[in-house]
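To keep things clear, I will list the structure first and then write my remarks on it.
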Amino acid sequence: MCLIAIQYRTYPTMPVLIASNREEFYGRQWQPPLVQPGRPRVLCGTDEVAGGTWLGVNEHGLVAAVTNVPQIDIPPDPRSRGLLCRELLDCATANEAAERAQQRLQQATYAAANFICVDADSGWLIEHVEPVRTTPLEPGLHLIANCHPDDACDVRMAYFRELLAAAAPASPAEFAAASKRILGTALDERGERMIVVHNADRGKVSSSVLGLGPRREEVFLYFAPGAPDE
(Lines give C-alpha, C1' and ligand atoms only; values in the text may rest on other atoms or scores of the structure.)
Protein backbone atom coordinates (compact mmCIF):
# COMPACT_ATOMS: atom_id res chain seq x y z
CA MET A 1 0.00 0.00 0.00
CA CYS A 2 1.42 3.37 -1.01
CA LEU A 3 1.56 6.06 1.65
CA ILE A 4 1.87 9.83 1.14
CA ALA A 5 2.21 12.41 3.91
CA ILE A 6 1.76 16.09 3.04
CA GLN A 7 2.78 18.82 5.47
CA TYR A 8 1.01 21.74 3.84
CA ARG A 9 1.65 25.42 4.64
CA THR A 10 2.90 24.60 8.13
CA TYR A 11 6.33 26.18 7.72
CA PRO A 12 6.41 29.66 6.13
CA THR A 13 9.76 29.04 4.42
CA MET A 14 8.61 25.78 2.80
CA PRO A 15 4.83 25.46 2.28
CA VAL A 16 4.96 22.07 0.53
CA LEU A 17 6.60 19.06 2.21
CA ILE A 18 5.90 15.52 1.08
CA ALA A 19 7.05 12.13 2.34
CA SER A 20 6.08 9.06 0.33
CA ASN A 21 6.55 5.31 0.21
CA ARG A 22 5.65 3.58 -3.06
CA GLU A 23 4.39 0.00 -3.16
CA GLU A 24 4.42 -1.98 -6.38
CA PHE A 25 4.98 -5.46 -7.80
CA TYR A 26 8.68 -6.21 -7.56
CA GLY A 27 8.83 -7.30 -11.20
CA ARG A 28 7.31 -4.11 -12.62
CA GLN A 29 10.13 -2.04 -14.08
CA TRP A 30 10.52 1.68 -13.39
CA GLN A 31 12.99 4.53 -13.63
CA PRO A 32 14.01 6.79 -10.69
CA PRO A 33 13.24 10.53 -10.73
CA LEU A 34 14.80 12.24 -13.73
CA VAL A 35 14.23 15.56 -15.50
CA GLN A 36 11.94 14.75 -18.43
CA PRO A 37 12.21 16.24 -21.92
CA GLY A 38 9.85 19.00 -23.02
CA ARG A 39 8.16 21.93 -21.30
CA PRO A 40 7.35 22.57 -18.60
CA ARG A 41 10.36 20.85 -17.08
CA VAL A 42 9.22 17.92 -14.96
CA LEU A 43 11.14 15.85 -12.43
CA CYS A 44 9.48 12.48 -11.83
CA GLY A 45 9.95 8.74 -11.71
CA THR A 46 8.63 6.74 -14.65
CA ASP A 47 6.70 3.47 -14.80
CA GLU A 48 8.19 1.59 -17.76
CA VAL A 49 5.00 -0.41 -18.34
CA ALA A 50 2.48 2.40 -18.90
CA GLY A 51 4.79 5.43 -19.09
CA GLY A 52 3.19 7.30 -16.20
CA THR A 53 4.43 8.33 -12.78
CA TRP A 54 3.44 8.01 -9.13
CA LEU A 55 4.93 11.32 -7.92
CA GLY A 56 6.45 14.32 -9.66
CA VAL A 57 7.09 18.05 -9.53
CA ASN A 58 7.37 20.61 -12.32
CA GLU A 59 9.24 23.90 -12.78
CA HIS A 60 6.20 25.88 -11.56
CA GLY A 61 6.30 24.19 -8.15
CA LEU A 62 3.31 21.94 -8.83
CA VAL A 63 3.38 18.48 -7.25
CA ALA A 64 1.13 15.68 -8.50
CA ALA A 65 0.88 12.21 -7.00
CA VAL A 66 -1.42 9.21 -7.13
CA THR A 67 -2.24 6.19 -4.97
CA ASN A 68 -4.27 3.23 -6.18
CA VAL A 69 -7.45 2.27 -4.32
CA PRO A 70 -8.63 -1.38 -4.07
CA GLN A 71 -11.71 -2.03 -6.19
CA ILE A 72 -13.89 -5.11 -6.55
CA ASP A 73 -15.27 -4.34 -9.99
CA ILE A 74 -12.38 -2.95 -12.03
CA PRO A 75 -13.62 -1.48 -15.33
CA PRO A 76 -12.50 -3.29 -18.50
CA ASP A 77 -9.34 -1.93 -20.11
CA PRO A 78 -8.93 1.10 -17.80
CA ARG A 79 -6.53 3.89 -18.74
CA SER A 80 -3.34 4.15 -16.66
CA ARG A 81 -3.78 6.23 -13.49
CA GLY A 82 -0.06 6.98 -13.49
CA LEU A 83 -0.31 8.31 -17.04
CA LEU A 84 -2.94 10.80 -15.89
CA CYS A 85 -0.70 11.80 -12.98
CA ARG A 86 2.11 12.51 -15.46
CA GLU A 87 -0.22 14.61 -17.62
CA LEU A 88 -1.25 16.72 -14.63
CA LEU A 89 2.37 17.85 -14.34
CA ASP A 90 1.95 19.73 -17.63
CA CYS A 91 -0.25 22.23 -15.76
CA ALA A 92 0.98 25.53 -14.32
CA THR A 93 -0.95 25.48 -11.04
CA ALA A 94 -2.63 23.07 -8.63
CA ASN A 95 -5.99 24.63 -9.45
CA GLU A 96 -5.51 23.91 -13.15
CA ALA A 97 -4.30 20.37 -12.44
CA ALA A 98 -7.27 19.61 -10.19
CA GLU A 99 -9.69 20.82 -12.87
CA ARG A 100 -7.93 18.71 -15.50
CA ALA A 101 -8.02 15.64 -13.23
CA GLN A 102 -11.77 16.00 -12.73
CA GLN A 103 -12.37 16.41 -16.46
CA ARG A 104 -10.20 13.45 -17.47
CA LEU A 105 -11.68 11.17 -14.81
CA GLN A 106 -15.16 11.94 -16.13
CA GLN A 107 -14.18 11.57 -19.79
CA ALA A 108 -12.20 8.31 -19.67
CA THR A 109 -12.31 5.03 -17.77
CA TYR A 110 -9.91 4.70 -14.84
CA ALA A 111 -9.68 2.32 -11.92
CA ALA A 112 -10.20 3.80 -8.44
CA ALA A 113 -7.46 6.13 -7.15
CA ASN A 114 -6.57 9.14 -5.03
CA PHE A 115 -4.88 12.06 -6.80
CA ILE A 116 -3.02 14.93 -5.13
CA CYS A 117 -2.38 18.30 -6.81
CA VAL A 118 -0.58 20.85 -4.65
CA ASP A 119 1.54 23.99 -4.91
CA ALA A 120 2.37 26.86 -2.57
CA ASP A 121 -0.97 28.59 -3.20
CA SER A 122 -3.52 25.77 -3.23
CA GLY A 123 -3.88 22.04 -2.78
CA TRP A 124 -6.49 19.49 -3.79
CA LEU A 125 -7.34 15.86 -3.05
CA ILE A 126 -9.27 14.18 -5.85
CA GLU A 127 -10.86 10.86 -4.94
CA HIS A 128 -11.80 8.84 -8.01
CA VAL A 129 -14.82 7.12 -6.55
CA GLU A 130 -18.42 7.32 -7.69
CA PRO A 131 -18.91 10.21 -8.08
CA VAL A 132 -15.50 11.94 -8.19
CA ARG A 133 -14.89 13.91 -4.97
CA THR A 134 -12.61 16.97 -4.87
CA THR A 135 -11.56 18.42 -1.51
CA PRO A 136 -9.41 21.52 -0.88
CA LEU A 137 -6.26 20.88 1.13
CA GLU A 138 -6.31 22.79 4.41
CA PRO A 139 -3.05 23.79 6.13
CA GLY A 140 -1.58 21.01 8.27
CA LEU A 141 -0.64 17.35 7.97
CA HIS A 142 -2.56 15.13 5.57
CA LEU A 143 -2.11 11.42 4.91
CA ILE A 144 -3.18 9.63 1.76
CA ALA A 145 -2.98 5.89 1.16
CA ASN A 146 -5.30 3.39 -0.50
CA CYS A 147 -8.49 4.44 1.24
CA HIS A 148 -10.24 7.68 2.17
CA PRO A 149 -7.64 10.44 2.81
CA ASP A 150 -6.95 11.13 6.51
CA ASP A 151 -8.96 8.04 7.50
CA ALA A 152 -8.55 7.72 11.26
CA CYS A 153 -9.28 3.98 11.00
CA ASP A 154 -6.24 3.29 8.80
CA VAL A 155 -3.57 1.76 11.06
CA ARG A 156 -0.59 2.78 8.96
CA MET A 157 -1.66 6.39 8.55
CA ALA A 158 -2.34 6.62 12.28
CA TYR A 159 1.10 5.14 13.03
CA PHE A 160 2.84 7.64 10.73
CA ARG A 161 0.98 10.51 12.37
CA GLU A 162 1.94 9.21 15.83
CA LEU A 163 5.62 8.87 14.94
CA LEU A 164 5.78 12.31 13.35
CA ALA A 165 4.06 13.89 16.36
CA ALA A 166 6.63 12.23 18.64
CA ALA A 167 9.46 13.64 16.50
CA ALA A 168 7.86 17.13 16.69
CA PRO A 169 9.81 18.59 13.73
CA ALA A 170 10.23 22.33 14.17
CA SER A 171 11.59 23.06 10.69
CA PRO A 172 11.49 21.67 7.14
CA ALA A 173 14.93 20.07 7.68
CA GLU A 174 13.69 18.33 10.82
CA PHE A 175 10.57 17.16 8.96
CA ALA A 176 12.79 15.66 6.25
CA ALA A 177 15.02 13.90 8.78
CA ALA A 178 12.07 12.54 10.75
CA SER A 179 10.25 11.43 7.59
CA LYS A 180 13.26 9.50 6.33
CA ARG A 181 13.37 7.58 9.60
CA ILE A 182 9.62 6.97 9.71
CA LEU A 183 9.38 5.82 6.09
CA GLY A 184 11.91 3.11 6.93
CA THR A 185 10.04 1.82 10.01
CA ALA A 186 9.33 -1.89 9.56
CA LEU A 187 7.69 -2.91 12.87
CA ASP A 188 6.91 -1.26 16.17
CA GLU A 189 8.28 -2.63 19.45
CA ARG A 190 5.30 -5.00 19.82
CA GLY A 191 5.54 -6.25 16.25
CA GLU A 192 2.00 -5.10 15.50
CA ARG A 193 2.29 -1.97 13.32
CA MET A 194 4.54 -1.08 10.42
CA ILE A 195 5.17 1.53 7.77
CA VAL A 196 7.18 -0.65 5.38
CA VAL A 197 5.51 -3.75 3.94
CA HIS A 198 7.26 -6.73 2.36
CA ASN A 199 5.03 -9.31 0.68
CA ALA A 200 5.95 -12.24 -1.53
CA ASP A 201 5.34 -10.51 -4.86
CA ARG A 202 5.01 -6.84 -3.98
CA GLY A 203 5.98 -4.31 -1.36
CA LYS A 204 7.81 -1.04 -0.89
CA VAL A 205 10.04 -0.35 -3.88
CA SER A 206 11.04 3.29 -3.31
CA SER A 207 10.74 6.25 -0.98
CA SER A 208 10.77 10.03 -1.52
CA VAL A 209 10.98 13.13 0.67
CA LEU A 210 10.36 16.42 -1.15
CA GLY A 211 10.44 20.03 0.05
CA LEU A 212 9.37 23.06 -2.03
CA GLY A 213 9.63 26.71 -1.08
CA PRO A 214 10.18 30.13 -2.70
CA ARG A 215 13.99 29.90 -2.47
CA ARG A 216 15.18 27.46 -5.12
CA GLU A 217 18.49 26.81 -3.36
CA GLU A 218 16.52 25.39 -0.42
CA VAL A 219 14.40 22.96 -2.46
CA PHE A 220 15.28 19.30 -1.87
CA LEU A 221 14.39 15.79 -2.98
CA TYR A 222 15.67 12.69 -1.20
CA PHE A 223 15.05 9.42 -2.98
CA ALA A 224 15.63 5.81 -1.91
CA PRO A 225 15.66 3.47 -4.94
CA GLY A 226 14.57 0.43 -2.98
CA ALA A 227 12.83 -0.59 0.21
CA PRO A 228 13.33 2.38 2.60
CA ASP A 229 14.13 0.15 5.58
CA GLU A 230 17.13 -1.22 3.65
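The values are calculated or read from the model by the stated rules, or taken from the named source; none is laboratory data. Every value quoted in this text rests on a predicted model; they were computed, and no experiment measured them. Virtual Cβ from ideal backbone geometry, glycine too; neighbours counted across all protein chains shown. We work out accessible area using only protein heavy atoms, side chains counted, and drop any ligands, DNA or RNA first. Shrake-Rupley method; radii C 1.70, N 1.55, O 1.52, S 1.80 Å.
General observations
- Relative contact order computed over the chain (Cα-Cα under 8 Å; 6+ residues apart), in percent: 23
- Distances between placed amide hydrogens fall under 5 Å for Gly45 paired with Leu34, Trp54, Leu55, all partners being 5 or more residues away or on another chain.
- Taking all protein chains into account, the per residue accessible area for segment 83-176 stands at 43 Å² (1.4 Å probe).
- With K and R counted +1 and D and E -1, the other residues having a Cβ less than 15 Å from that of Gly213 yield a net charge of -3.
- Of Tyr8, Tyr26, the residue with the largest accessible area leads and the full order is Tyr26, Tyr8 (1.4 Å probe).
- At the residue level, Thr46 shows approximately 30 square angstrom of accessible surface with a 1.4 angstrom probe and all protein chains present.
- The calculated P(r) of segment 95-214, using every Cα pair and 5 Å bins from 0, goes 2, 9, 16, 19, 20, 16, 11, 5, 1, 0 in percent.
- Projecting the Cα positions of Ala158, Gln107, Gly38 onto the charge dipole of the chain (unit charges on Cβ atoms of Lys, Arg, Asp and Glu, taken about the Cα centre) puts Gly38 furthest along the positive direction.
- Overall form of the chain per C-alpha gyration tensor (a/c, 1.5; a/b vs b/c): rounded
- Couplings 3J(HN,Hα) for segment 137-144, derived from phi with the Karplus relation 6.51 cos²θ - 1.76 cosθ + 1.60 (θ = phi - 60°), are 8, 7, x, x, 8, 10, 10, 10 Hz, where x marks Gly and Pro.
- When only the Cβ of Lys, Arg, Asp and Glu is charged (+1, +1, -1, -1), the dipole of segment 1-62 relative to its Cα centre reaches about 220 debye.
- 9 Å beta-carbon shell around Asn146, net charge (K/R +1, D/E -1): -2
- For segment 139-224, the relative contact order works out to 17 percent when only alpha carbon pairs closer than 8 Å and six or more residues apart are counted.
- Base-10 log of normalised Debye intensity for segment 1-98 (one unit scatterer per alpha-carbon) at q = 0.17, 0.20 Å⁻¹: -0.83, -1.11
- Unit charges on C-beta of K, R, D, E only; dipole of the chain, Debye: 340
- A simple charge model with +1 on the Cβ of Lys and Arg, -1 on the Cβ of Asp and Glu and nothing else charged puts the dipole of segment 1-107 at about 200 debye relative to its Cα centre.
- Accessible surface of the chain, 1.4 Å probe, proportion on carbon and sulfur as whole %: 52
- A dipole drawn for segment 78-230 from +1 and -1 charges on Cβ atoms has a positive end, and of His128, His142, Ala173 the residue lying farthest that way is His128.
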